[in-house]
Each structure stands twice: as structure tokens, then as C-alpha cells.
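The values are calculated or read from the model by the stated rules, or taken from the named source; none is laboratory data. Values in this document were obtained by computation on a predicted structure and should not be read as measured data. Positions of Cβ are generated from backbone atoms using ideal geometry, with glycine treated the same way; all protein chains shown enter the neighbour counts. Heavy atoms of the whole protein, side chains included, go into the accessibility calculation; ligands, DNA and RNA do not. Shrake-Rupley method; radii C 1.70, N 1.55, O 1.52, S 1.80 Å.
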Amino acid sequence: MKLSLFSTAVRYFLEVAQTGSVSQAALQLHVAGSAVSRQISKLEEAFACPLFERRARGMALTEAGERLMAFVRTGSEDAERVVEQVRGLAGQKAQSVRLACTEGFATGFIPQVIEAFREQWPLARIELSVDSPDDVSRRLMQGEVELALKYSVAPEPGTLVQHAAPAPVYALMRPSHPLARQRVVSVADVVAYPLCLSQRGMTGRQLFDLVCSQQGRQYRAAVVSNFSSALLPGVGTLDIVLSGYLTAAHLMREGRLVAVPFTELNLQQRVLQVLSLQGHTLSDTAEKFLQHLVASIRASGNGMAPARRRTARSFSTPAVQRDNAAARKSKKRAP
């Protein structure tokens, strides 16, 4: 006989052994006494030996019954430990947050968001996936993550927009770049310089290519990468990188880059979105992280670079000073 700790017969046996009475066991189990007797008989038939001595004042375990009782108790204790472990895992899962974002957020912005969140909720576990825009959406739709952060140019069916903000494409460059002091630039302005671009399929590249096609303009791609954040640290003196503000906000705060907006409306149509799956209820920890993420986005400018000024003082940064010094040295060495 294959014995299961969760079988009806074992449960009835355990109750009779603990109460010492078929009638008392039946009361505890909310069943008829005949049902309890029938299950006990099945067990005894299966083991081919009596498990109880039938006495005038109740039921007493036989030696075989005592051995079976010891086995059941040990098994029950093991089962309780397993249940506690499972509950513990469930608690850990309830404290986890599964997030996917596009790589433009993964270098500077999201690590800072996660660090600040963990200071408030040290037991939280953050599971971060960094993917292309299409893969971020796929992970969300398939339930692999609870939240998604990405740039978008069109609504996505099946998703719930938890937060949205304008996220225009900017021309990023060194503060010493010839275009750095302009309030705005046009596509015609930037195609005259070496461009550092993300691969085709990324939202910023899609919009820029669309405008170039509409205007009939050609450009020279000096560097192309599927990881746009890798383009930023190595921006050359005349290079221009097309990017969102949050991707490079940490470098702009350090004075290493400036962000100049475009005049073309198409390059201003992109939207930053925090998404969840429609119809899915977020865990308590995921809801807290969502609120923290949205607050961080708003505090960082909500996807928009700060308004720029044209005064010379605004661009008197260490990076500008280094570039100017290098230019003076080069001029002195020139024949």
C-alpha cells in the first residue's frame, strides 16, 4: 500500500489515535462514525494487522499502531517544516520586485533609483532585466516582470501606463562643441558632425532616421552601438550623441556633457513610460517601488533636460576648461 500523509485513512487514523475514540474522532472530523471505522478497517486490511485494540472505553494503539503513529508524527513534522519553508519563500517573493528597462536607463538612472529604494526597504529584492524595447515589452506581456521602464512612440495593447512623460531626443555633446551654446539645434545642424548612434530599432534612432528621410538628409555615423550608454563616456570633441536626458543626466550634472533640444517636432514625440500588465495586481513591494520610481523620474526632470542658458558662465565647467586648454596648446604648436 502506498501510504500518503494526506490520505483520508491516515488523517482518520491520526484523529482516532489522539482522541482514543471513534465517536470523538468523528466529531472532530465532522463525519459519521461509520466513515471513520471504515477507513481504519481499510488501513488494517492493507497492513494485514490490527492497529487498535477495541476496548469498552475506547481505542488503544497496538504495537503496530504505535509504530505507524510514530511514522505519521515524524512525517507530519517534516511536512510542517516544508510548509514553513514554502511560506518563507512566498514571503521573499512578496518582497521582490521584477523590473525590466531599456539599456538607456540602466547605467546611471536605475542604479541610483534602486540604491535609494533599498535604503528605505533593505529586505526588498530587485530583479532587473535590461533589454531592447521589444524584449522589455515581451517580458512584461509574458509575466516575467511586473514593471517596465522604456521609451515609447506608440501605445502598447495589454499594458497599463502607470506614468508617462515627454522624453524628447536630445543632441548630447561636450560643452566646448561649436553647437553647445545654442538653445536649440536642427537636424541640418547636427548631420554636419560625426554622430554616435544606437542601433536601428531603438526609439531615438527610429525618430532621427525618419526626420532625415523626410528632409532628404544624409549623415555620417562615426560610432554605432546596441548599448547607447557606452557611447557617452567617449564622446569626442566634435561628436554628437542622440539620447534621452535621463540616460546622460549623471554626466550632465558633472559638467561633462550638455543636452541641446531639436527644433523638429518628430524628435519631441517620444514618451517615457512606466508600464505594468493590464489586469495584474502588483505586490505590496512592487507598488512601493513603483511610487518610488515615479517620484524619482519627476525629481530628475520628468524626462526633460533643465532649461539652458546661453551665458558664458553656464558653460564654464572643468570639462570646458580642459578642452579650451587643449585647443590653446594645439594652436601654439601649429606652424
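Suppose all protein chains stay in the model; what accessible area per residue would a 1.4 Å probe give for the range 102-220, in Å²?
Values: 5600 Å² over 119 residues.
So the range 102-220 comes to 47 Å² accessible per residue, rounded to a whole number.
Counting only Cα atoms, I'd like the Rg/Rh figure for the range 98-207, Kirkwood definition for Rh. Don't skip to the answer; put the middle values down first.
On the way: Rg = 17.0 Å, Rh = 16.4 Å.
So for the range 98-207, dividing Rg by the Kirkwood Rh gives 1.04.
Dividing the convex hull volume of the alpha carbon atoms of the range 148-200 by its residue count, what do you get in Å³ per residue?
So the per-residue Cα hull volume is 141 Å³.
When you count, for each residue, the other Cβ atoms within 10 Å and take the mean per peptide, how do 61-67, 210-216 rank with the highest first?
Details: 61-67: 15.3, 210-216: 12.3.
Most protected by this proxy first, the peptides run 61-67, 210-216.
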Notebook entry, point to check: GLN28 to GLN120: FRET efficiency via 1/(1 + (r/R0)^6), r the Cβ-Cβ distance, R0 45 Å, to the nearest 0.05?
Noted result: 0.45
Note to self: Between the range 121-141 and the range 245-292, what is the separation of their alpha carbon centroids in Å?
What the structure shows: 14
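Arrange the residues VAL153, VAL72 by how much accessible surface each exposes, largest first, with a 1.4 angstrom probe. Present the calculation step by step, with values, prior to reporting the outcome.
Details: VAL153 80, VAL72 0 Å².
Solvent-accessible surface, decreasing: VAL153, VAL72.
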Notebook entry, point to check: Between rounded, prolate and oblate, where does the range 233-288 land on the alpha carbon gyration tensor, with a ≥ b ≥ c its root eigenvalues, rounded for a/c under 1.5, else prolate if a/b exceeds b/c?
Noted result: oblate
